[in-house]
1. Under 13 Å from the Cβ of L269, count the other residues' Cβ atoms, weight Lys and Arg +1, Asp and Glu -1, and hand me the total.
2. How much accessible area per residue does the range 319-386 have, in Å², with a 1.4 Å probe?
3. Rounded, prolate or oblate: which one fits the range 265-367, using the alpha carbon gyration tensor with axes a ≥ b ≥ c (rounded when a/c is under 1.5, else prolate when a/b beats b/c, else oblate)?
4. Ranked from highest to lowest mean number of other Cβ atoms within 10 Å per residue, what is the order of the peptides 338-351, 217-230?
5. Using the basic label-point model (7 angstrom from Cα toward the beta carbon), what is the T65 to I125 distance in nanometres?
Amino acid sequence: MSFVEKRRGVMSSDQDQVDEVTLTTNKIMVMNNKKMNKKMKMKMKKKMKVNGAKNDGCSSCDLVTFDELPGYMKDNEFIRNYYRLNWSLKQALFSIFRWHNETLNVWSHLIGFTLFLGLTCSNLIHVLPVSELLNIFTTWSFPLGPEVNVSHNSKNFFSDTTELIDLKHSSPFGLEITPTQLEATRWPFFVFLGGSMFCLLSSSICHLFSCHSHPLNVLLLRIDYVGISVMIITSFFPPIYYVFQCSPHWQFLYLGGITIMGIFTIITLLSPIFSTSKFRAFRASLFVGMGLFGIIPAVHATLVNWHEPSRNIILGYELAMALSYLIGTVFYVSRIPERWRPGWFDLAGHSHQIFHVFVILGALSHYGAALVFLDFRSKIGCETNV
Ligand SMILES: [Zn+2]
């Protein structure tokens, strides 16, 4: 073997070694790629499991963190965990029985709604005796016509005048009601109860289903804002209607004024941009502005009825209502206490839950005031109507 042949032999064995090394490296790379693909697939599978398919729902419906949320759901960065994302309507509905960061928001207003539904029913039964209610449900005829027996106050449910009727019940506030006295029309009272129920129910529905998809999230937030506006507008009906019942022009001015403000608020908040967290304080200021409008008729009514015995009771209830709404709004805007300890109040105790509780307390205080207004107008009729 010549030197050249020897050299060729050495070179070919070197080449073989290089080829072997390259092959092994390639094999390792392929294996690594396979492993990585498998890992990525597992990760993607897990992610899909977490997020859930938009239409098919989620198999295990795991909860996600704030950082995993899409932009439209990033409302409160101090609530770190337990978010639902892209859940089907069915899964969202049954999540009412699961712990997540909206559970108490849903339940608080659902309990408030049930409470007001109960109050409405008890007042309806009070207005209409049970026998007549049964008659409505069996014959589907509402007793509004003059042909119906009006020996009790059912005729006054939608009546526009204050009439003399026979009452045999006592006031829940110890105000003396004599057997024969006036009974005020009750529809403004029921308008307020209806508005409160609409607000509380729409809020619960919004908190329960807004995790479903972006379009539904935007729609439900709008309905929620409409609900709050409707609750504020309808809250004005019992006080304005009963206090200024003998001065229809003031009734028209104040009720017209708050209705226009409410419509303006609703139209403004229908724009999706105002649903974002950036406009939290702006939204609150619109609602507070509507509430503050009430100061004008309140001062007017107090001055006109300065010597009215129930004045202090009414003012007490309305002050409690105003304080409840204001304290609730402070929590809503400031996001206390979760801003002090992000992640600590994700499930219970965060600002929105506290805000919900104060909304219910405010509505209950106003309900108390509305009963006294009704009592007041039942005792003092308008001279022209009596
Ligand atoms: Zn809410």
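1. Values: positive: R222, R280, R283; negative: D224.
Taking every Cβ under 13 Å from that of L269, the sum is +2.
2. On the way: 3070 Å² over 68 residues.
Per residue, the range 319-386 has an accessible area of 45 Å².
3. Details: a/c = 3.39, a/b = 1.67, b/c = 2.02.
Judged from the Cα gyration tensor, the range 265-367 comes out oblate (a/c at least 1.5, b/c at or above a/b).
4. Numbers: 338-351: 16.4, 217-230: 19.6.
Highest-to-lowest ranking by the protection proxy: 217-230, 338-351.
5. Here the answer is 5.2 nm between the modelled labels.
The values are calculated or read from the model by the stated rules, or taken from the named source; none is laboratory data. Predicted, not measured: the structure shown is a model, and the values here were computed from it. All Cβ positions, even for glycine, are placed from backbone atoms using ideal geometry, and neighbour counts span all protein chains on display. When the accessible area is computed, the model is the full protein with side chains, heavy atoms only, and any ligands, DNA or RNA have been set aside. Shrake-Rupley method; radii C 1.70, N 1.55, O 1.52, S 1.80 Å.
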